[in-house]
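What follows is calculated from the coordinates using simple rules that are stated; it is not laboratory data. Note that the structure is a prediction, hence the values are computed from the model and not measured. Every residue, glycine among them, receives a Cβ derived from its backbone with ideal geometry; neighbour counts consider all protein chains shown.
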Amino acid sequence: MARKKFTDAAVKRFPTPKSGRVEHWDSLTPGFGIRITDKGRRSWVMMTRAFDPNQGKKTLARFTLGTYPLMSLSDARKAAGAKLDEISNDIEAGIDTRQKRATPPLKAKSRAIDDAVAEFFRLHVAPNLRASTAEQYRIAWEVHILPRWAGFSIDEIKRSDIVTLLAEIVAEGKPVSANRTLSAIKTFYSWAVVFYDLESVPTIGVKPPKKEMSRERVLSDTEIMMLWDGTVATGWPFGPFVRFLLITAQRRSEVANMRWQDIDFEKELWSIPAAMTKANRNHDVPLSPLALEVLGAVPRLGEYVFTTRGDRPLSGFSKAKARLDKLTGSKDWTLHDLRRTAGTNMADLEIVPSTISQVLNHSEGGVTKIYVRSSFGKQKRAALNIWSNKLDSIIRPSDDNVVPLRG
């Protein structure tokens, strides 16, 4: 048997076989190894001689110590040493170690739904998913799922439990939340099926309770003017935040997480780090005159631009928007509609679709993605300046045709 000194990095690199199973053996601890199956299951094993009462002598025996990565390499080495001591004592006593009750792993996995979800967020959500997605999943689990499934284990949840849960959320008048909840459950069980070695998952065949249509809402010039006046009345920080959304056409999460360190006022440029974008790539946003005007009136409270305390980004959008809706008398729009409104206006201003796509940081495919590496800086700046001029003419009309706000 070929042996290699096990390290954490070496163990992670061991490939999964295409069929059957393979075993790798450690050169540091005799008889200690790891077995890998074509299903991706990895188990720590110990191969040594134990007493066989049927033959009255020691024979080769294999023992499973635990599974990886639940049991770390360090813990597995300790388990191997403990197993050798146990076998040595059993040989002296004439006991067959293989017939004894299996020793539980050093770290037992809790299969309670709340404990499993905590592990899901720690091991999968936090290191792999965007902050906005993580927050969406957190709300789904804490608000809609765990209160209803308290005391259950992950193995007890059935398809009917999920369907009932979704139906209850829809009955509360929250069909979109039901869809998001299903997404959170599916992502959890896709992770748990491997981590907990589940034989099946309860989400198979469960469909979203509401068919979501792509929104097409674009605010009219009159609505934009009323909205702008409403943001002035709303005040800091939500008012300037909404105006900046409309001016720059960027996503809500990107503007909410905007930091002073990412703004170059000399170059009139906002550079969004890849980690903060939906496309997971750096994105430069030229700052138009209106954008600079908004930023010039923003107080510097800390790291974040739009914030109430400086050390954390703006949140609580629902309540702030409800107040803005009351001021403007309009409710049938979302913050994301501002992005669509800006993009549509750019198209009406005869800005080419490819430039609008770059402003919005949409993904390009095919040959465009492979060969075109330009940041389109000049084109994006021209587009946003043209939109800034149009927006300025809307919010500062030359005549007196102004629609008053509701009280």
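With N counted as the residues of region 65-169, its alpha-carbon radius of gyration over 2.2 N^0.38 Å works out to 1.57.
Computed over the alpha-carbon atoms, region 3-99 gives an Rg to Rh ratio of 1.01, Rh here being the Kirkwood radius from the mean inverse distance. The ranking of Ser19, Ser190 from fewest to most other beta carbons within 10 Å of each one's beta carbon is Ser19, Ser190.
Near the amide H of Leu269, within less than 5 Å, lie the amide hydrogens of Asp264, Leu287, all on another chain or at least 5 residues away, with H placed in the peptide plane. Label-to-label distance for Asp311 and Lys39 is 4.8 nm, based on points extended 7 Å past Cα in the beta-carbon direction. The order of the peptides 60-68, 119-127 by mean Cβ neighbours within 10 Å, most packed first, is 60-68, 119-127. Considering only Cα atoms, the convex hull volume of region 203-270 works out to 186 Å³ per residue. Of the residues Ile356, Ser88, Leu335, the one whose Cα sits farthest toward the positive end of the charge dipole of the chain, with +1 on the Cβ of Lys and Arg and -1 on the Cβ of Asp and Glu, is Ser88.
Value of Rg to Rh for region 133-269, rounded to two decimals, is 1.12; Kirkwood radius and Rg both from alpha-carbon coordinates.
Placing a label point 7 Å from the Cα of Glu119 along the Cα-to-Cβ direction, the residues of region 19-53 whose backbone N falls under 20 Å from that point are 35-37, 39-45. With Kirkwood radius over Cα pairs in Å in mind, check (1) 32.9; (2) 26.2; (3) 21.8 and report the label derived from this structure. Label of the calculated value: (2). With the convex hull drawn over the C-alpha atoms of region 221-395, the volume per residue is 115 Å³.
The residues neighbouring Leu269, those whose beta-carbon lies less than 15 Å from its own, together hold a net charge of -1 under the Lys/Arg +1, Asp/Glu -1 convention. Among Trp141, Trp25, sorting on how many other beta-carbon atoms sit within 10 Å of each Cβ, with the fewest leading, yields Trp25, Trp141. By the count of neighbouring beta-carbon atoms within 10 Å, fewest first, Met276, Met46 end up ordered Met276, Met46.
List the lysines whose Cα lies under 24 Å from the Cα of Lys109, skipping any in the same chain that are fewer than 8 positions away. Here the lysines satisfying the reach criterion relative to Lys109 are Lys12, Lys39, Lys78, Lys83, Lys100, Lys158, Lys186.
Label positions at Met47 and Ser271, each projected 7 Å from the Cα along the C-beta direction, are separated by 5.4 nm. Each residue, Lys158 and Thr7, gets one label point 7 Å from its Cα in the Cβ direction; the gap between the two is 5.1 nm. Label zone (Ser74, point 7 Å along Cα-to-C-beta; backbone nitrogen cut-off 12 Å) within region 1-44: 8.
Loop-located chymotrypsin sites (Phe, Trp or Tyr not before Pro) in region 243-342 (DSSP state other than H, G, I, E, B) with a sparse environment of at most 12 neighbouring Cβ atoms within 10 Å: Phe265. Taking all Cα-Cα distances within region 113-195, those exceeding 20 Å account for 27%.
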